[in-house]
Amino acid sequence: MLEEVERWLRTRSWSVADRPLHTLLAAKRAGGCSISVVLPALNEEETVGDIVSAIRRDLVVRAPLVDEIVVVDSGSTDRTAERAAAAGARVVHRDEILPRIPAVPGKGEVLWRSLLVTRGDVICFVDADLREFSSDFVTGIVGPLLTDPDVHLVKAMYDRPLTVPDG
């Protein structure tokens with residue numbers, strides 16, 4: 001790897017362990033900001049409820065870090081919306097957001113539309129299909145944004161197991 005790339009990665013890569021929850025709560029209080037978590041979802045009834053429940057339990061009820069959890073449904077034909085709402089998320093259908101502009105199905109569409117229905121100063125996007133979700137995914141993303149004024153965007157990376165479709 002190029003030396004410049006290695007140096008950049010060393011100075012701009014973090015782990016969730018670098019910023020404990022109490023540090024994030026203090027930084028949030030000091031900065032007076034609010035945090036929204038958005039889950040773009042399309043037919044994720046098997047996973048979305050558990051993810052919303054974990055965020056709500058760990059980062060809303062136990063520790064007041066997250067101010068709102070919004071699931072933006074991208075046209076699900078299953079029970080994604082019902083499961084997300086039952087777990088405590090506010091669910092908004094993609095077509096309800098700026099309806100005069102026709103939707104172009106896809107994740108990017110849902111992400112930009114979500115900005116029109118969230119109230120947070122900090123927006124954290126979390127995949128709705130994660131099977132081994134931890135609230136650390138959220139704290140790992142918002143941590144650098146709350147504690148380092150030079151950071152304006154955080155892109156998470158994590159291992160995802162490869163799956164082979166049945167067939």
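Close amide H partners of Val71, meaning residues 5 or more places away or on another chain with modelled amide H under 5 Å apart, are Leu39, Arg90, Val91, Val92. Each label was represented as a point 7 Å from its Cα along the Cα-to-Cβ direction; for Ser134 and Arg62 these points are 1.2 nm apart. Annotation: amide H-H contacts under 5 Å for Cys124 (H modelled 1.01 Å from N, sequence separation of 5 or more, or interchain): Ser36, Val37, Val38.
For segment 77-116, rounded, prolate or oblate, judged on the Cα gyration tensor with a ≥ b ≥ c (square roots of eigenvalues), a/c < 1.5 rounded, else prolate if a/b > b/c? List each step's numbers first, then the result.
Numbers: a/c = 2.17, a/b = 1.83, b/c = 1.19.
Prolate shape, in that a/c is at least 1.5 and a/b is the bigger ratio.
Across the chain, the mean sequence separation of Cα contacts (distance under 8 Å, 6 or more residues apart), normalised by length, yields a relative contact order of 29 percent. Based on every Cα atom in segment 1-42, Rg and the maximum pairwise Cα distance Dmax equal 15.7, 41 Å.
Converting phi to 3J(HN,Hα) with the Karplus coefficients 6.51, -1.76 and 1.60 and the offset θ = phi - 60°, segment 89-102 yields 8, 7, 10, 10, 7, 3, 6, 7, 9, 6, x, 6, 9, x Hz in sequence order, with x at every glycine or proline. If you run the Gaussian network model on the chain, springs between alpha carbon atoms under 10 Å, then out of Val126, Val16, Val138 the most flexible one is Val16. Computed from phi, the 3J(HN,Hα) profile of segment 122-135 under the Karplus parametrisation 6.51, -1.76, 1.60 (θ = phi - 60°) reads 10, 10, 10, 9, 10, 5, 8, 10, 6, 8, 10, 6, 9, 4 Hz, with x in place of Gly and Pro. Once you reduce segment 79-112 and segment 1-44 to the center of their Cα atoms, the two points are 25 Å from each other. Dipole size of the chain about its Cα centre, with +1 on Lys/Arg Cβ and -1 on Asp/Glu Cβ: approximately 560 debye, rounded to the nearest 20.
Our coupling estimate for segment 10-15, obtained by passing each phi through the Karplus curve with A = 6.51, B = -1.76, C = 1.60 and θ = phi - 60°, is 5, 8, 10, 10, 9, 10 Hz, Gly and Pro reported as x. For the chain, the carbon plus sulfur part of the accessible surface works out to 54%, probe radius 1.4 Å.
Fully extending the segment from Leu98 to His152, taken as 0.36 nm per residue of separation minus the present Cα-Cα distance, adds 16.8 nm. Per-residue extension of 0.36 nm, minus the Cα-Cα distance of Val5 and Leu25, leaves a gain of 4.0 nm for this segment.
The values are calculated or read from the model by the stated rules, or taken from the named source; none is laboratory data. Computed from a prediction, not measured in an experiment: that's the story for all the values here. Neighbour counts run over all protein chains shown; Cβ positions are idealised from the backbone, glycine included. Only protein heavy atoms, including side chains, enter the accessible area calculation; ligands, DNA and RNA are left aside. Shrake-Rupley method; radii C 1.70, N 1.55, O 1.52, S 1.80 Å.
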